[in-house]
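Chemist: Once you've had a glance at the structure underneath, I'll fire off some questions.
The values are calculated or read from the model by the stated rules, or taken from the named source; none is laboratory data. Just so it is clear, the structure is predicted and the values come from calculations on it, not from any experiment. Neighbour counts run over all protein chains shown; Cβ positions are idealised from the backbone, glycine included. SASA here: full protein model, heavy atoms, side chains in, ligands and nucleic acids out. Shrake-Rupley method; radii C 1.70, N 1.55, O 1.52, S 1.80 Å.
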Amino acid sequence: MEAFVEFFSLRDPNIRYVVLGTILLTASSAVVGTFTFLQKKSLVGDAVAHAVLPGVCLAFLLAESKNPLLLIVGAFVTGWLSLVVIDTITRNSKIKEDTAIGLVLSVFFGVGILLLTNIQHSGNAAQSGLDSFLFGKAAALLPNDVRAFGILAVLLLAVVGLLYKEFKILAFDKNYAAILGLPVRALELTLTTLTVLAVVVGIQAVGVVLMAAMLITPAAAARFWTDRLSIMLILATTFGVISGVTGSFISYTATAMPTGPWVVVIISIIAGISFFFAPRKGIFFRVRRQMNNRRMILDENILKTFFNLGENDHSFKEARSWDQLLVERHFVPRRLRNGLARLRRQGFLERQSAGWVLTQAGFEKGKRTVRLHRLWELYLTQYLRIAPDHVHEDAETIEHVITPELEQKLQEKLGFPEVDPHQSEIPYR
Amino acid sequence: MIKHVENPVLEVHDLTVSYARKPVLWDIDLTLPQGSLVGIVGPNGAGKSTLIKSILDLVPASSGYSKLFGDDLANVRRRVAYMPQRESVDWDFPASVLDVVLMGRYGKLGLFKRPRKADREVAHECLRKVGMEAFAKRQISQLSGGQQQRVFLARALAQEADLYFMDEPFAGVDAATEKAIIGLLQEMAEQNKTVVVVHHDLQSVVQYFNWVLLLNMRLVASGPTEQVFTNELLQEAYGGKLTLLTEVSELVQKGQFAAREKQGYRG
Ligand SMILES: Nc1ncnc2c1ncn2[C@@H]1O[C@H](COP(=O)(O)OP(=O)(O)O)[C@@H](O)[C@H]1O
Ligand SMILES: [Mg+2]
């Protein structure tokens, strides 16, 4: 608790640097990552993230110090090189893009690890902390680093702001952008460069191994909550920043902890919550909607059965027994029992000693379902020329779907017919 | 039967187009008069979309060239609009109907600039023309196929061009909408704009278009509808498979020959 207050009150200037740095890093990777995600280039982001490691190591070997500027340049060069190699392989051979990405990723990362191991065994005193590039160490961010990475991050956000509409059309319809005369190649190059930059900026906090997660996961999580690009960008940034700051807090309190894994755990939790609970797109809501639909169909079918029974013996006010209902229509008994109870609760049925009886509201609802069923059968036979003995199954589904407006149109189109293709009367109000 | 015109709005000269060195269009040579409503007709896989894409530089030509308004495409982009097939994009994209139609204005806007009020008004007007003004704020992922088609049409209209290329604008739209759209296109042709439409319904060709291209890997015919839309020529375009041409295409691909002497072959 003490650590919590100390960290989030931002009184310690070191902590202020760490928090500010983390916010900039995660925000810039979330923003760029959103466009990478929409361009369906998530894998490319992963490859770049791994490919910056040899660059970092080479820069260190050359400079023999951890000068952040040099490290940035080194990371940038190999990150970029990896993209050129991927592009060259896919263009000039039969190797598919995903294979090329896998290839490049493992080769570059392998070389990076090799160099890193060498450096660590070289006994160079300046190398301590270089391994934090693997899994990230936000708490080790020095004011110097934050300044360098911060400038990059701000630059990157500014470019995205300027080219917002261009990146949008590039992700949605590249060919059309080309027709309009937009410099598609240059724009793609810019976006790729930004991706590399975002990775370079982010690795200090998150590390190369998990950097791709910081690029793509915030966007993927945000996509569940919205259909608007501007809101998606804001959400992705928020998710990224929350996980970044929390992660660096944890690595601040437990100094042995690398930041990256924690940041990724937290962003993954956010993504998981989005996956399950986001309105409309989340699994939870979809399942619930399906269940509601199934329930509605069952209820309408039960009321329809009461109406059909009433039609058969010209009495709608009579109580119907359990067996009568099951003979008229093949219900699953357990479902029928639940449905009857529910309809009673909702006031569409009443319980009597001999069974259940339709209320006025239940009668109207049952009648409407029967009416829609028969209107639809008629529509299919008249307009789509489907044989009358083939229309029943279809109508069984459609009767539950038709809205009152469609019902009105259907009636007018058919001219309020009296009977359906099987000569059953169509019940109007 | 290939009829050429003076001062064409579009000239395609001896164009051959290949995918991975396999030619799908052979020696296309045609000219189109300004102010015509042109139907490109031919069986599936005839290369109708490819012809448009090649004219618009989306697919490189193995040989030959196209001139629009007597000029290279790069110099006249502002005057050329395109409506791709609906399936060419992923509609599960976070954008509204208005956003997409506004993209038609990006060419005129140039880099960095945001759409202005005037652009919004043009976009709304184009949506009104295609009967989609009520959907301006709707997210595109929630549209039906026919509605997506109309959004793409509105986007092409928003380009305010003189020469329009439309790839199957009637695919998946209902009859009433189709009638409204063709009325719109005819009106544009009357204002001396040229509209080139890939069309798959032979029944309505005579009624819709005053110029027809019959295409099946090669150009079977190009000319005024009444002269081109004959049984004989249709037979030639649709009937007897061009087995010989197909075979040669495959040979070319296997042998990795260039379809022609290298002339600006890219990729
Ligand atoms: N990107 C592509 N790569 C390889 N072959 C293609 C590509 N696009 C189209 N084709 C082939 O080119 C031929 C013409 O295609 P297309 O122009 O789409 O025909 P149409 O529009 O007339 O149906 C077809 O055989 C198709 O399979
Ligand atoms: Mg096509």
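Chemist: Measure off, as a whole percent, the carbon and sulfur share of the 1.4 Å-probe accessible area of the stretch B:42-162, all protein chains present.
Modeler: On the way: 2160 of 4870 Å².
Looking at the stretch B:42-162 in its full context, I get 44 percent from C and S.
Chemist: Now for a separate question. Separation of the stretch B:98-158 and the stretch A:194-222 by C-alpha centroid, Å?
Modeler: Going from one Cα centre to the other spans 34 Å.
Chemist: Could you tell me which residue out of A:419, A:181, B:26 lies farthest along the dipole of the protein assembly as shown toward its positive end? Charges go on the beta carbon: Lys and Arg +1, Asp and Glu -1, centred on the Cα centre.
Modeler: Positive-end residue among those listed: A:181.
Chemist: Percent relative contact order of the stretch A:23-155, based on C-alpha pairs within less than 8 angstrom and at least six residues apart? Write down the numbers at each step before the final one.
Modeler: Details: 124 pairs, mean separation 42.8, N = 133.
32 percent.
Chemist: Another question, then. Could you size up the charge dipole of chain B around its Cα centre, putting +1 on the beta carbon of Lys and Arg and -1 on that of Asp and Glu, and report it in debye to the nearest 20?
Modeler: That gives a dipole near 1040 debye.
Chemist: Here is a follow-up. Among A:379, A:81, A:101, whose Cα lies farthest out toward the positive end of the dipole of chain A, if unit charges sit on the beta carbon of Lys, Arg (+1) and Asp, Glu (-1)?
Modeler: Ranked along the dipole, the leading option is A:379.
Chemist: Work out which helices of chain A, taken as complete DSSP H runs, extend at least 24 Å along their axis over the Cα atoms and score a mean Kyte-Doolittle of -1.0 or more, then list them. The partial results should precede the final answer.
Modeler: Working: long enough: A:13-38 (38 Å, 1.31); A:42-63 (33 Å, 1.83); A:68-92 (36 Å, 1.45); A:97-120 (34 Å, 1.46); A:143-162 (28 Å, 1.73); A:184-206 (32 Å, 1.71); A:229-253 (36 Å, 1.54); A:259-277 (27 Å, 2.09); A:283-312 (43 Å, -0.50); A:360-383 (34 Å, -0.84).
Taking the DSSP H segments of chain A (at least 24 Å long, mean hydropathy at least -1.0), we get A:13-38, A:42-63, A:68-92, A:97-120, A:143-162, A:184-206, A:229-253, A:259-277, A:283-312, A:360-383.
Chemist: Ignoring everything except DSSP H segments at least 4 long, calculate the 222 nm mean residue ellipticity for the protein assembly as shown; use -39,500 (n - 2.57) per segment, divide by total residues, nearest 500.
Modeler: Values: 30 runs with 410 residues, N = 696.
It lands at -19000 deg cm²/dmol.
Chemist: Ok, one more. In terms of Cα to Cα distance under 12 Å, which aspartates and glutamates are near enough to residue A:66, apart from those fewer than 8 places away along the same chain?
Modeler: Answer for residue A:66, where 12 Å is the Cα cut-off: A:131, A:145, listed by chain and number.
Chemist: A further question follows. What is the packing order of peptides B:185-197, A:49-61, A:2-14, A:276-288, taking the mean over residues of other C-beta atoms within 10 Å and listing the highest first? Can you show the working numbers first?
Modeler: Details: B:185-197: 17.8, A:49-61: 26.0, A:2-14: 11.6, A:276-288: 13.2.
Highest mean packing first, the order is A:49-61, B:185-197, A:276-288, A:2-14.
Chemist: By average Cβ neighbour count within 10 Å, what is the ranking of A:134-146, B:65-77 from highest down?
Modeler: The most tightly packed comes first, giving A:134-146, B:65-77.
Chemist: Something else now. I'd like the mean, over residues of B:147-156, of how many other protein chain beta carbons sit within 10 Å of each residue's own Cβ.
Modeler: Mean shielding count: 1.
Chemist: Separate question: How much net charge surrounds residue A:101 when only the other residues with a Cβ under 13 Å from the Cβ of residue A:101 are counted, with Lys and Arg +1 and Asp and Glu -1?
Modeler: Numbers: positive: A:40, A:41, A:96; negative: A:46, A:87, A:97, A:98.
Once all neighbours under 13 Å are counted, the net charge is -1.
Chemist: Using a Gaussian network model of chain B with C-alpha springs under 10 Å, which one of B:121, B:160, B:168 is most mobile by mean-square fluctuation?
Modeler: B:121
Chemist: Next question. Given Cα pairs under 8 Å that are at least 6 residues apart, what percent is the relative contact order of chain B? Kindly include the intermediate steps, with their values, before the conclusion.
Modeler: Working: 505 pairs, mean separation 80.7, N = 267.
Here the relative contact order equals 30 percent.
Chemist: Could you tell me which of the pairs B:48/B:193; A:304/A:409; A:96/B:53; A:41/B:113; A:96/B:67 are separated by over 29 angstrom between their Cα atoms in the structure shown? Intermediate values should be presented prior to the final figure.
Modeler: Values: B:48/B:193 21 Å; A:304/A:409 22 Å; A:96/B:53 24 Å; A:41/B:113 26 Å; A:96/B:67 35 Å.
Pairs exceeding the cut-off: A:96/B:67.
Chemist: Let me ask something else. Taking each residue of A:175-187 in turn, how many C-beta atoms of other protein chains fall within 10 Å of its C-beta, and what is the average?
Modeler: Working: counts 8, 15, 3, 5, 15, 13, 10, 7, 1, 0, 0, 1, 1.
Counting other chains' Cβ atoms within 10 Å and averaging over A:175-187 gives 6.
Chemist: Here is a follow-up. Please compute the net charge surrounding residue B:94, taking Lys and Arg as +1 and Asp and Glu as -1 over other residues with Cβ under 15 Å from its Cβ. Don't jump to the answer; show the numbers that get you there.
Modeler: On the way: positive: A:40, A:165, A:168, A:223, A:228, A:280, A:281, B:137, B:138; negative: A:173, A:227, B:90, B:92, B:99.
Computed value for this residue: +4.
Chemist: If you count, for every residue in B:89-96, the Cβ atoms of partner chains within 10 Å of its Cβ, what is the mean? Display every interim value, and only then the final one.
Modeler: On the way: counts 6, 5, 1, 2, 8, 15, 8, 3.
Across B:89-96, the average partner-chain Cβ count within 10 Å equals 6.
Chemist: In square nanometres, what is one fourth of the surface area of the convex hull spanned by the alpha carbons of the stretch B:1-148? Could you put the intermediate results ahead of the total?
Modeler: Numbers: hull surface 44.4 nm².
Directional mean of the projected Cα hull area for the stretch B:1-148 stands at 11.1 nm².
Chemist: Follow-up question, since we're still on this one. State to the nearest 20 debye the size of the charge dipole of the protein assembly as shown about its Cα centre, where the only charges are +1 on K and R beta carbons and -1 on D and E beta carbons. Could you put the intermediate results ahead of the total?
Modeler: Details: 74 positive and 66 negative charges, 364 e Å.
Charge dipole of the protein assembly as shown: 1740 debye, to the nearest 20.
Chemist: While we're looking at this one, here's another question. So which residue, out of B:145, B:223, B:39, gets the largest mean-square fluctuation from a GNM of chain B using Cα contacts under 10 Å as springs?
Modeler: B:145
Chemist: With only Lys, Arg, Asp and Glu charged, each at its Cβ (+1 for the first two, -1 for the last two), find how big the charge dipole of the stretch A:282-429 is about the Cα centre; round to the nearest 20 debye.
Modeler: Numbers: 25 positive and 21 negative charges, 213 e Å.
For the stretch A:282-429, the charge dipole is close to 1020 debye.
Chemist: What are the semi-axes of the equivalent ellipsoid of chain A, taken as the square roots of 5 times the eigenvalues of the Cα gyration tensor, listed largest first and rounded to whole Å?
Modeler: Working: eigenvalues 826, 141, 64 Å².
The equivalent ellipsoid of chain A has semi-axes of 64, 27, 18 Å.
Chemist: Quick one: angle between helix B:145-157 and the longest Cα principal axis of chain B, in degrees between 0 and 90, rounded to 10, please.
Modeler: 90 degrees
Chemist: Could you point to the residue in A:38, A:21, A:57 farthest towards the positive end of the stretch A:4-72's charge dipole, with +1 and -1 charges on the Cβ of Lys/Arg and Asp/Glu respectively?
Modeler: Highest projection toward the positive end goes to A:38.
Chemist: How far, in degrees from 0 to 90, does helix B:117-129 lean away from the longest principal axis of the Cα atoms of chain B, to the nearest 10?
Modeler: 70 degrees
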